[in-house]
Amino acid sequence: MSTIIQVNKVSKSYWRNNLEIPVLQDLTLNVEEGEFLALMGPSGSGKTTLLNLIAGIDRPSKGDLTVAGTDIAKLNESGLAKWRSENVGFVFQFYNLIPVLTAYENVELPLLLTKLSKSERRKHVEATLNIVGLGDRMNHYPKQLSGGQEQRVAIARAVVTDPVILVADEPTGDLDKTSADEILTLMERLNKEFKKTIVMVTHDPHAAERASRLLQLDKGDLVLEPI
Amino acid sequence: MKVFKLIFKNALRHKLRTTLTIFGIAIAVIAFGLLRTVVTIWDSSVDAAGADRLITRQAVSFIFPLPVAYKTKIEAVPGVESVCGAVWFGGTYKDKSNFFARVAMDDNFFELYPEFIVSEEDFNRYKNERNGCIVGKSIADQYNFKVGDIIVLDGDIFPGRWEFVVSGIYLPQNKNTDGTQMLFHYDYLNETIKQNTPGRGDQIFWYIIKIEDIKNSAEISEQIDALFKNSTAETKTETEKAFAQSFVSASGAIITAMNFMSFAIIGIIMLVLANTMVMSARERTREYAVFKTLGFSAIHLTGLILGESMLIACIGGGIGISLLYPIVSGFEQVMPKGFFPFFFIEPITIILAVSSALLIGILAAVFPIHKALNTKIVDGFRFVG
Ligand SMILES: Nc1ncnc2c1ncn2[C@@H]1O[C@H](COP(=O)(O)OP(=O)(O)O)[C@@H](O)[C@H]1O
Ligand SMILES: [Mg+2]
């Protein structure tokens, strides 16, 4: 097994009204390929911030960040965008589907940036929606779906390009227990069967149980908590 | 293809808001087109003036007459080809609202104005009828004047009941030519005045002068005015175009205001569309963050926002322009005939309306695009409407 995510002495601060808000300080973390890592910690401890850095949608103030073989702290904006589209899938707490697009069209979105033909895209989208169990809901709009179904569409959108890494920020935070369990089972399957490396932020101890490793983040420091 | 579909779906998210914006743009384009039409008509009535003709009038104002004897003196000036005297008759035809120009002219008028086309038959009849008149095609159609009809005018500048017989109808040469004039013999007017009010006869309001070479218009004008320097009726000679301009300058301020307003309307509607676009873009802040996260570039987002703005502007502009034609012709029906000699939509008006609509679409998208591109992904996700 090789290390796929290397966070090396990374610091991150935000600036608000000329005031520096330090969030992460000299944080070091390695994630092995095929791991399912759960990140827990109190609200405001910097979980989302860390996840965003790993996923390349934000940049560290200091430190090195090598993800999927690329030193992403050194990429420019468009390089980072391209890197994201090829290496990472994202799942958010509030699904963030485009409301005017059907389930099918939402999942197709990331493929529009690839060179795939229309029929190839169709094959990928249908296969992915079948994996998440929504083969019969392809032409539904987000508001015609339940929360759990919406999140499954969002997961399909995240994995349709077959990225090596999946990041999920409280993916069950807005769901009832049954739906949450379905989502977690799906994530486990993606990890085991499809070999996705997953980093998941969660509040829910049940969710954390499904992971292969659990880390606690507290005020920007990592507290290891092996299971 | 996908992008167009998304742009279309985005535009239809708030159907009421989009519909109102589209109608706002349509109404603005119509108002713009109407105002521009009036302005261009006004300008082209000045443009229609002949370039190779000079007008001599009383130096102080064209409401004061000149002696009829000036005609032969002006004819003697080198470079002058022919001279025609004219008197503004005024008067009323049946009702004050029936406004069209009634002018007494020397018979050589139609030589000086080849753009007023009269058949030989009509002109011969005119020459032989002492109280004959020739009317423009536009008013002939409007009042149903036919050769042989009697037109009775109630005089004001020259009081009394005046009877004319229609000898002929002239056709305007092109659409810039005034087809709304009623022209009759100066001799008939002058002789009748001399009979009724001796002392008011032998007067001319303005002379129309055809010159051999337009390049000499300045010198010839000077020479004519020099002839009558220090007389009781000094003259002012200028090109017909300059004369037409001074004639309309009184209303020029209104035209300037209309000109300004036509562009102000475009500015206002741009703000309306910009407001719609800003609201839409604001509501979609998270979605733009999603697009960026997935790897969509600045060009994609720009296309999405600009496309929607252009779509709305083009539909609104298209509706406005297609309604402009029926509205302008409806306007023409209700306007008193002769108030504007001609009423049509200049191509330049359409070009301006179309480019305004496009410009509105572009400018309205600038701010939302700037905002969308400069919002960091993490801030986009943290945004709460
Ligand atoms: N884009 C940002 N701008 C300013 N401050 C931010 C931003 N993102 C996060 N923060 C601040 O950083 C801290 C950590 O936030 P976050 O990573 O979202 O915590 P968590 O996900 O653990 O709740 C909080 O104090 C938050 O207010
Ligand atoms: Mg968070």
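How far, in nm, would the chain grow between B:Arg13 and B:Ala101 when pulled straight, counting 0.36 nm per residue and subtracting the alpha carbon separation?
26.0 nm
Could you work out, residue by residue across B:293-304, how many beta carbons of other chains sit within 10 Å of that residue's beta carbon, and then give the average as an integer?
Working: counts 14, 14, 15, 6, 6, 3, 0, 2, 0, 0, 0, 0.
Whole-number average of other-chain Cβ neighbours for B:293-304 is 5.
Under 4 °C and 1.567 mPa s, how fast does the protein assembly as shown diffuse according to Stokes-Einstein, given a Kirkwood radius computed over C-alpha pairs? Answer in µm²/s, whole number. List each step's numbers first, then the result.
Details: Rh = 31.1 Å.
It diffuses with D of about 42 µm²/s by this estimate.
When all C-alpha to C-alpha distances in region A:3-224 are sorted into bins of 10 Å, what percent of pairs does each bin hold, rounded to whole numbers?
8, 33, 36, 19, 4, 0
I'd like the accessible area for B:Asp43: 1.4 Å probe, protein heavy atoms, all chains in place, Å² to the nearest 10.
Its heavy atoms expose roughly 70 Å² to the probe.
Considering only DSSP beta bridges where both residues belong to region A:3-224, give the percentage that are antiparallel (nearest 5).
55 percent
If packing is taken as the average number of other Cβ atoms within 10 Å across a peptide's residues, how do B:163-172, A:83-92 rank, most packed first? Present the calculation step by step, with values, prior to reporting the outcome.
Working: B:163-172: 19.9, A:83-92: 22.4.
Final packing ranking: A:83-92, B:163-172.
Can you grab the distance from the C-alpha centre of region B:201-247 to the C-alpha centre of region B:73-150, Å, no decimals?
For region B:201-247 versus region B:73-150, the Cα centre distance is 21 Å.
In percent, what relative contact order does region B:148-188 have, based on Cα pairs under 8 Å that are 6 or more apart in sequence?
On the way: 30 pairs, mean separation 11.4, N = 41.
Averaging sequence separation for qualifying contacts and normalising by length gives 28 percent for region B:148-188.
To the nearest 10 square angstrom, how much accessible area does B:Ile150 have with a 1.4 angstrom probe?
About 100 Å², ignoring ligands and nucleic acids.
Expressed as a fraction of 2.2 N^0.38 Å, the rule-of-thumb size for a compact globular protein of N residues, what is the C-alpha radius of gyration of region B:66-233?
Relative to the 2.2 N^0.38 Å estimate, region B:66-233 comes out at 1.08.
What whole-number value in cubic angstrom gives the convex hull volume per residue for the C-alpha atoms of chain B?
Expressed per residue, the convex hull around the Cα atoms of chain B is 185 Å³.
How crowded by other chains is B:370-383, given as the mean number of beta carbons from other chains within 10 Å of each beta carbon?
Other-chain Cβ atoms within 10 Å of each residue's Cβ, averaged: 2.
Could you state the per residue volume, in Å³, of the convex hull enclosing the Cα atoms of region A:114-207?
Taking only Cα atoms, region A:114-207 has a hull volume of 103 Å³ per residue.
May I ask you to order B:188-198, A:145-155, A:36-46 by the average number of other C-beta atoms within 10 Å around their residues, highest value first?
Per-residue Cβ counts within 10 Å, averaged per peptide and sorted highest first, yield A:145-155, A:36-46, B:188-198.
Can you tell me the relative contact order of chain A? Whole percent, Cα pairs under 8 Å, sequence separation 6 or more.
28 percent
Tell me, rounded to the nearest percent, the portion of alpha carbon pairs in region B:1-152 spaced more than 23 Å apart. Numbers along the way, then the final one.
Values: 7121 of 11476 pairs.
The proportion of pairs with Cα distances above 23 Å equals 62 percent.
What is the helix-to-structure angle for B:347-374, meaning the angle in degrees between its Cα long axis and the longest Cα principal axis of chain B, kept from 0 to 90 and rounded to the nearest 10?
Helix B:347-374 sits roughly 20 degrees off the main axis of chain B.
Can you tally the net charge around B:Gly90? Count Lys and Arg as +1, Asp and Glu as -1, for every other residue whose Cβ sits under 15 Å from the Cβ of B:Gly90.
Once positives and negatives cancel, what remains is +2.
Once phi is turned into θ = phi - 60°, what whole-Hz ³J(HN,Hα) does the Karplus curve with 6.51, -1.76 and 1.60 give for every residue of region B:161-166, x standing for Gly and Pro?
9, 10, 10, 10, 10, 6
Taking beta carbons within 10 Å but only from partner chains, what does the mean come to for residues A:89-102?
4
Apply the Karplus parameterisation 6.51 cos²θ - 1.76 cosθ + 1.60, with θ equal to phi minus 60°, to every residue of region A:163-169 and state each ³J(HN,Hα) to the nearest whole Hz, in sequence, with x for glycine and proline.
x, 7, 10, 10, 10, 9, 9
If contacts are Cα pairs under 8 angstrom and at least 6 residues apart, what is the relative contact order of region B:80-177 in percent?
Worked out over region B:80-177, it gives 33 percent.
Helix B:240-283 sits at what angle to the longest principal axis of chain B, using alpha carbons and giving 0 to 90 degrees rounded to 10?
10 degrees
Helix-derived [θ] at 222 nm for chain B: sum -39500 (n - 2.57) over DSSP H runs of at least 4, divide by residue count, nearest 500?
About -18500 deg cm²/dmol.
Ignoring ligands, DNA and RNA, how much accessible area is buried between chains A and B, both sides summed, with a 1.4 Å probe, to the nearest 100 Å²?
Counting protein atoms only, the buried area is about 2000 Å².
222 nm [θ] for chain A, helices only, -39500 (n - 2.57) per DSSP H run of 4+, per residue, to 500?
Counting only the DSSP helices, I get -9500 deg cm²/dmol.
For A:Ser11, what residues show an amide H to amide H distance below 5 Å, using hydrogens built from the backbone and excluding near sequence neighbours?
Distant-sequence amide H within range of A:Ser11: A:Asp26, A:Leu27, A:Ser61, A:Lys62, A:Gly63.
Would you mind checking which residues have amide H under 5 Å from A:Glu32's amide H? H placed 1.01 Å from N; only 5 or more apart, or other chain.
A:Ile4
Calculate how steeply helix B:15-47 sits against the longest principal axis of the alpha-carbon atoms of chain B, using the helix alpha-carbon long axis, and give the answer as 0 to 90 degrees to the nearest 10.
The angle comes out at about 20 degrees.
The values are calculated or read from the model by the stated rules, or taken from the named source; none is laboratory data. None of these values were measured; they are calculated from a predicted model. Note: ideal-geometry Cβ built from the backbone for every residue, glycine included; neighbour counts use all protein chains shown. These accessible areas exclude ligands, DNA and RNA; they are computed on the full protein's heavy atoms, side chains included. Shrake-Rupley method; radii C 1.70, N 1.55, O 1.52, S 1.80 Å.
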